[in-house]
Amino acid sequence: MPAPDKPNTAALEKLSGIVLRVTFHSAETGFSVLKVSSLQRPGQELTVVVHQSKVFAGATMDFYGDWVTHPGHGLQFKADKAIERKPATTNALEKYLGSGLIKGVGPVTAKRIVKHFGDKTLDVFENSIGQLTQVEGIASLEAGNDQQSLDRA
């Protein structure tokens, strides 16, 4: 039997999608209301409610839960568990990087980074962050500074 905080995902419905926007998020409780573009139902914008400490626009997520009808807000997917995946599309990657996740990377800089590196973008962030200086508008490491300095755009 699974632990109370870890639901048995085999018994739950799975909804995969890209977070378009965070409609509501409580920092205290983690309760979030998300608008999600479903990967199973292309072109549909669905409402997902979930308790998740951090959720960003552009994140590609697998949600496990059930469909419910809220009396005031209609059909929603109530997720008991959410697992983040690597962004599924270039647009999702741009939105994800430009969401404030990385200090100093806004939407314009994120677009430049993704345009420059394409499908290798996440690999650059994970394995060779120094290559970001190849992108116009991103400064190189300064002497004595051990963090990558990114322009705000």
**Request:** Check whether at least one residue in the range 51-67 is touching a residue at least 24 places away in the same chain (Cβ under 8 Å) and basic (K, R), and report yes or no.
**Result:** no
**Asked** Can you tell me which residues in the range 24-59 are among the hydroxyl-bearing types (S, T, Y) and exposed (fewer than 13 other Cβ atoms within 10 Å of the Cβ)?
**Response** S26, T29, S53
**Request:** Filter the range 109-135 down to residues that are at pLDDT 85 or above and open to solvent by 100 Å² or more (accessible area, probe 1.4 Å) and give me whichever is nearest to K86 (Cα to Cα).
**Result:** K120
**Item:** Residue satisfying all of: in the range 1-22; surrounded by 15 or more Cβ atoms within 10 Å (Cβ to Cβ) and more than 21 Å from the chain's Cα centre (by Cα); modelled with the lowest pLDDT among these
**Value:** P7
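The values are calculated or read from the model by the stated rules, or taken from the named source; none is laboratory data. Keep in mind that what you see is a predicted model, and the values were worked out from it rather than measured. Virtual Cβ from ideal backbone geometry, glycine too; neighbours counted across all protein chains shown. To get the accessible areas, we keep the full protein, side chains included, count just its heavy atoms, and leave off ligands, DNA and RNA. Shrake-Rupley method; radii C 1.70, N 1.55, O 1.52, S 1.80 Å.
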